[in-house]
Structure formats: C-alpha cells, structure tokens
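Worksheet: the structure to be examined is printed underneath.
Just so it is clear, none of the values below were taken in a lab; they were calculated from the coordinates. Predicted model only: the values in this text are computed from it and were never measured. Neighbour counts are summed over all protein chains in view; Cβ atoms, including those assigned to glycine, are modelled from backbone coordinates with ideal geometry.
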Amino acid sequence: MQFYIQTFGCQMNENDSRLLASLLQSNGYTEVDAPEKAGVIIINTCCVRENAENKALGYLGSIKKLYEEDRSRIIVICGCMMQQKGMAETIKSKYRYVKIIMGTFSASRLPEYIAEVSATGRSIIDVEEHYDGTELKHTCATVEEALDGDYKAQVNISYGCNNFCSYCIVPYVRGRERSRSAADILEEIQLLAEYGVKEVQLLGQNVNSYGKDLPEEQACDFAALLAQVCQVPGIQRVRYMTSHPRDFSRHLVDVIQENPKVCRHFHLPLQAGCDELLQRMNRGYTTAYYGELLSYIRSRVPDAVVTTDLIVGFPGETEEQFRQTLDFIRECRFDAAYTFIYSQRSGTPAAKMPEQIPEDVKKDRLQRLMDVQNEISLEHNRQMLGKIYEVMVEGLSKNNKSMLSGRTEGNKIVVFPAPEDEELHPGDCLKVRITGAHTWNLEGELVSSFESVCETEC
C-alpha cells in the first residue's frame, strides 16, 4: 500500500513525519508525493498556534473528496492537536471519513492500526495520555529509503517539556520531558553518517535540559552529548533546536567553542524584553540574566550568529512594556528574530488571563517589531560583505533555478551562481565570498570548493 504524509508545525512534527515514513517503509509501504496516489493519507498536526490548527482542519476537509472517490482509502490524523481535550471526539463526529485518530504517544502503533482498519473497517481512536516507552527512530532496514539521498537529518534526543510556560500547550500534548540514552542517540547518528548524512540536528523541546531524567548509570548532559556527537566519523556539522535560555550554561558555551563541528548559530528564544512579562510567561529568567548570557556567548564565540523568538500581544502587555521589548532587541542586536502574535491556547494559564489584547493592537505591534528587527538584520548582513564563508550546498535556489542555495554555519542563506566546470551536490562545502546583502538572505560568488573548514566562518 502507498502512503502520503501532510505535516503541519515545527521541526519536531517534521521529524515525527519522517520517522513515521521510516516505520511504514519497514512494514512494506511505499511513500508517494501526492495524496491522490495514496491508499493511506496521514495528517500530522500541530496545536501550538491557532493558524496551524486551522490549516490542518482545512486540509482535512479538502481531502474528503478523495475518500469519496475511493472509500478503501484510510485517512489518519495524528500529532499534538489530537492530544487536546475533546479534540478526538470532535474530529470523529465532524469528519466521519477519518478512520484512525492518534495522539503523540501512540505513533509506533500506526502499522498495526492500518492493518486492523483494512481488515475490519472499524475506526480507531488512541489518544493515550502516557508514554509507553516506544520510540520512533530511524532503523537500519529503512534509513536509506527514509533519507532518499539527503545530506542532513534530525534526531530526537528528548521528548516532552517540563517548563510549562504559561502560553504554551506543548507540555500538555507532548507530556513531561523524557531523554533518550546517549548510546541510542549516538547509534542512530552513526547509522545516519554511514548513509551519507553530513549534518545532524539534535531535537528536543528544551535540549539544554537533556539528561536530567536519565538514570545514574546513563548520566550525560547536553554539553557532553554534543562533544560525543562531534566524534562521529562523517558528521561535519552539528545543530540543535530548541534552547531555553534559563538552562543554557556557560559550560555549554565553552564546549561549543571547543568543538568546531558545532555550528556557531545560537537560537535563544527571548519571547519578551520586559521582566514583568517574562515572569507572567513563566520563563524563569530576567532580561539582565539573558543579556549576561548573550555577552558571554559573544565573548567566547566572536563569530556567533544569534537568533531568537519573540511574542507580541501577550495578555496584559502595555504599550510601555512593548516598548521595553523594542529597546531590548536594539540592545541585543539579534541577527534575526521569528516574531509571533500571541495565540490563545485553551488549556494554558495565559488563555484565562484578563486583559487579552485586541487583534488590531497585536498586528500593529508585530509590524513595529519586525521593522526594528529587519533593520538590525540587514545591518548584520551588510557587515558580511566581502568576507569569505563556508557554505554547505542545499540545492537550486527556489527563486532562480540557475543559482545554487546554501547555508553558512550561522544558518544564513546564501545564493550564488553554479560553477560551469564542476557538478555540485547537496552537502558539498564551498568557499563563497559575500557580494550582496538583504534582510533575509545573502548573495555570493564561488571562490573554490574544499573539504576543510574555512578560516572565516559564520
């Protein structure tokens, strides 16, 4: 049987979908590139923001016609959205053609559920609230098919979250934090490297608290894990997502500085530049603490590229508090920021807070925030003009098929002409001189291809 997966959400959801694909392939299924070709259509959902939830429901409605064309098709909906209280029952009553409804803890059972539905025609709902100890991961039997020649891969190092930020639904739908053993993680990365993976991204809701729940005989913190991953032959770049500033230790900064394979990209979600807002968000740090951490990172890793996440319109946010955030990002001077309007999530403390901010005020503040940050981002990129950086090729540029696109170690996108006398492939490393700077990307010219690390990295 053939399957198709449509994914909504973050890197964690995307990786879950890749691992679901690997699991199905190991059970004899074939992945296809369009839902109309598939006998099994899987929708992997996110509920962190209302927009992602609406997109998933809209997509679910749009594929009803495919089921009506062939009622043997099995429609599956899974992921974070299904763990919300009452959501499974809502899906079952409104979208009767959905045959399998699964939460985040039951993904490993998908092949057996598909087989059961095929045999009996009965629908299945499994939204268990407790982790059963079964992990989704790449296996030797299917890693080649799952990667399909890709030079980079993501590896879960932990699941769930213990932070309970007041605006965030993740701990309620992903559960409490659970770390995988370092041995299992390294075994998976070694396997990926054997199949040609050059760049690996370690995933967790909070990678910095990795290992705190491991038994004594498996003791390992995130800094130690990073150092061990750097020793895996064939791995050239190591990234990680996501960090929590509260748990980002100075020792971890030192380990990153000492290991050149760890990319010099620090993504540190700030969320707000006002201490009162940070306290109500339950972030566990102050702007003073954050500023000191940022200063230490830049002192130890002078070529660090620092990006962040920011939320506008949190309940009770005053104009003065918003201006404090603007002032703080001018002080921090991030290379880039992912900016979001606060999304009210049922089941979180913030959803019940008074003084919810009107949508028009949120949109106005978001635009003002982006205007400030975009100016800073452009200034950072202009400082790169004329310098040479290591760029790992990703493929053809989306906007110009005659150009190649790649990323610096600092995760900045560079577009440059393809050489006429050399065939390049995703994962190849090149020296590129920066010739043009824009807010969100850079332009460059090829200096030469090479295997060693460039002296002037980003």
In square nanometres, what is one fourth of the surface area of the convex hull spanned by the alpha carbons of the range 149-263? 7.4
Report the local net charge at Pro315: Lys and Arg +1, Asp and Glu -1, summed over other residues whose C-beta lies under 14 Å from its C-beta. +1
For Glu276, Glu423, what ranking results if the residue with the fewest other Cβ atoms within 10 Å of its Cβ goes first? Glu423, Glu276
Output the peptides 163-170, 230-237 sorted from most to least packed, where packing is the average of other Cβ atoms within 10 Å over each peptide's residues. 163-170, 230-237
Estimated [θ] at 222 nm from DSSP helical runs (n ≥ 4, -39500 (n - 2.57)) normalised by residues in the chain, nearest 500: -10000 deg cm²/dmol
For the range 150-156, what does the Karplus curve 6.51 cos²θ - 1.76 cosθ + 1.60, with θ = phi - 60°, yield as ³J(HN,Hα) per residue in whole Hz, taken in order and with x for Gly and Pro? 5, 8, 10, 8, 10, 9, 5
Using only the alpha-carbon atoms of the chain as identical scatterers, what base-10 log of I(q)/I(0) does the Debye formula give at q = 0.06, 0.07 Å⁻¹? -0.28, -0.38
Cut-off under 5 Å, modelled amide H: who pairs with Ile74 long-range: Val40, Ile41
Kindly provide the pair-distance distribution of the range 388-449 built from C-alpha pairs, with 5 Å bins from 0 and whole-percent values in order of increasing distance. 4, 21, 37, 27, 9, 2, 0
Cα→Cβ-extended label distance, 7 Å offset, between Arg71 and Glu89, nm: 2.8
Among residues other than Ile329 whose Cβ falls under 14 Å from its Cβ, what is the net charge (Lys/Arg +1, Asp/Glu -1)? -2
Once you have all Cα-Cα distances for the range 2-126, histogram them in 5 Å bins from zero and send the whole-percent values. 2, 11, 24, 27, 23, 11, 2, 0
Sorted by average packing, counted as other Cβ atoms within 10 angstrom per residue and highest first, what order do 407-417, 219-229 take? 407-417, 219-229
Using the per-residue mean of other Cβ atoms lying within 10 Å as a proxy for protection, in what order, highest first, do the peptides 29-38, 434-443 fall? 434-443, 29-38
Residue-span extension gain [Arg300 to Asn282] - 0.36 nm each, minus C-alpha spacing: 3.6 nm
Net charge (Lys, Arg +1; Asp, Glu -1) of residues whose beta-carbon lies under 12 Å from that of Arg96, Arg96 excluded, is +4
To the nearest Å, what is the center-to-center distance of the range 149-196 and the range 22-79, using C-alpha atoms only? 23
DSSP bridge orientation in the chain - percent antiparallel, rounded to nearest 5: 35
Return the ratio Rg/(2.2 N^0.38 Å) for the range 312-458, where Rg is computed over Cα atoms only. 1.37
